[in-house]
Amino acid sequence: MMQSLQHELERMQDRFGAIYKLLLHADPQRVAQTPADEVYTEGKLRLLRYRPAVEHPAPVPLLIVPSLINRYYLLDLVPGRSLVEYLVGRGLDVFLIDWGTPGPEDRSTTFDQYITGSLRRATQRVRAISGQDRISMLGYSMGGTFTAIFATLYGRYVANLVQLAAPIDFHDDGIMSQWTRKDRFNVDLVVDTLGAMPAALMQASFRMLKPTYQIAQQIALADQFGDTEAAQDFLALQFWLDDNIPFLGEAYRTYIKECYQENHLVQGKLVVGGRRVDLSQIEAPLLTVVATRDMICPPQSSKVL
């Protein structure tokens, strides 16, 4: 029994040693490893085109649109855990928008300008490079809200639409919907005082959605002891979760007021670029993917599309 206990203690020591060595030497630069070329820039925005993994990629390209407040590399996290890598490997011609990190000089950029300006021009560049009149679009989180609006206003450019955890109905049963109501959240005070919703304040809000989450993270990391690859994947995801981007000025004001507080998008009352957004006008084949335990975008919010 003593020999067995000694062996178990030595094994545990080896596992603890491996995980702490991983923690000390974890390399955040391991993210976003799928080879890509920068094919267009506009201010802070970059348009990436991933190098093909097959001789003849599919003719219709795919443009991935992430959220404004999250780093794009979630979709290209680490080798073997990358949606981009998988899609490229399946023969798709994949483009992706990196919105970049806005500064105070971007404070006046409007919600409309992101969609009818930056997203439209990036789409036009993808069309020009690929030689295709219509492209497929995949929107993640707020990027899905953007692509739904875009597919309504510019449906002639959209061949297929994939929505991944994309908020559409903002009066859902989630906590975010409750917190942002007009009688509970003064968005004008935030924007007029701070010029933005700071990344740190957003991060604190997300953590308050589930106050025990950090404890759960530590337990999850402990469960990875002895599996350095799984621990590295876990740490890469945590690195992304803590790497938020501020949501600046006028775009934030409009997003909160028009979407969260008035819920104009799902009601067909949202006006973007002088045009009313009627989601029933989307004609492209549509796939909506939801996560059953998503606290930021509950299934009800996405499934309505």
Test Val94 against the criterion of being more than 30 Å from Met295 (Cα to Cα), in contact (Cβ under 8 Å) with a residue 24 or more places away in the chain and open to solvent by less than 50 Å² (accessible area, probe 1.4 Å), and give yes or no. no
Looking at the stretch 235-246 only, could you name the residues that are open to solvent by 40 Å² or more (accessible area, probe 1.4 Å) and either assigned to a helix (DSSP H, G or I) or at pLDDT below 80 (or both)? Leu237, Phe239, Leu241
Would you mind finding the one in Val266, Val271 that is of a type in the set (Val, Ile, Thr), under 22 Å from Val158 (Cβ atoms) and without any contact (Cβ under 8 Å) to a residue 60 or more places away in the chain? Val271
Do the conditions hold for Asp76, that is, is it acidic (Asp, Glu) and under 23 Å from Asn244 (Cβ atoms)? yes
Confirm whether Ile282 is closer than 21 Å to Ala159 by Cβ and in contact with a helix residue (DSSP H, G or I) (Cβ under 8 Å, 6 or more places away or on another chain). yes
Test: residue in the stretch 195-208 that is over 20 Å from the mean Cα position of the chain (by Cα) and either closer than 27 Å to Glu262 by Cβ or hydroxyl-bearing (Ser, Thr, Tyr) (or both): yes
Hey, can you tell me all the residues within the stretch 171-226 that are of a type in the set (D, E, K, R) and open to solvent by less than 80 Å² (accessible area, probe 1.4 Å)? Asp172, Arg181, Asp188
Restricting to the stretch 76-91, name every residue that is open to solvent by less than 20 Å² (accessible area, probe 1.4 Å) and within 25 Å of Gln132 (Cβ to Cβ). Asp76, Ser82, Val84, Val88, Gly91
Restricting to the stretch 121-141, and then to whatever is of a type in the set (Gly, Ala, Ser) and assigned to a strand (DSSP E or B), can you tell me which residue is least open to solvent (accessible area, probe 1.4 Å)? Gly139
I'd like to know if the stretch 232-251 contains one or more residues that are touching a strand residue (DSSP E or B) at 6+ places or on another chain (Cβ under 6 Å) and of a type in the set (D, E, K, R). yes
Is it true that Ser118 is assigned to a strand (DSSP E or B), open to solvent by 10 Å² or more (accessible area, probe 1.4 Å) and out of contact with any Cys (no Cβ under 8 Å at 6 or more places or on another chain)? no
Residue count, the stretch 152-189 (criterion: over 30 Å from Arg121 (Cα atoms), assigned to a helix (DSSP H, G or I) and either in contact (Cβ under 8 Å) with a residue 12 or more places away in the chain or aromatic (Phe, Trp, Tyr) (or both)): 4
Tell me, yes or no, whether the stretch 66-78 has at least one residue that is at pLDDT below 95 and more than 19 Å from the chain's Cα centre (by Cα). no
For the stretch 36-75, which residues satisfy the criterion of being closer than 22 Å to Met142 by Cα, in contact (Cβ under 8 Å) with a residue 40 or more places away in the chain, part of a strand (DSSP E or B) and open to solvent by 40 Å² or more (accessible area, probe 1.4 Å)? Glu42, Arg46, Arg49
Taking the condition of being in a loop (DSSP other than H, G, I, E, B) and in contact with a helix residue (DSSP H, G or I) (Cβ under 7 Å, 6 or more places away or on another chain), how many residues in the stretch 195-226 meet it? 4
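The values are calculated or read from the model by the stated rules, or taken from the named source; none is laboratory data. As the structure is a computational prediction, the values presented were derived from the model and not from experiment. With ideal geometry, Cβ positions are generated from the backbone for all residues, glycine too; neighbour counts draw on all protein chains shown. Each accessible area value is taken on the protein alone, full model and side chains, heavy atoms only, with ligands, DNA and RNA left out. Shrake-Rupley method; radii C 1.70, N 1.55, O 1.52, S 1.80 Å.
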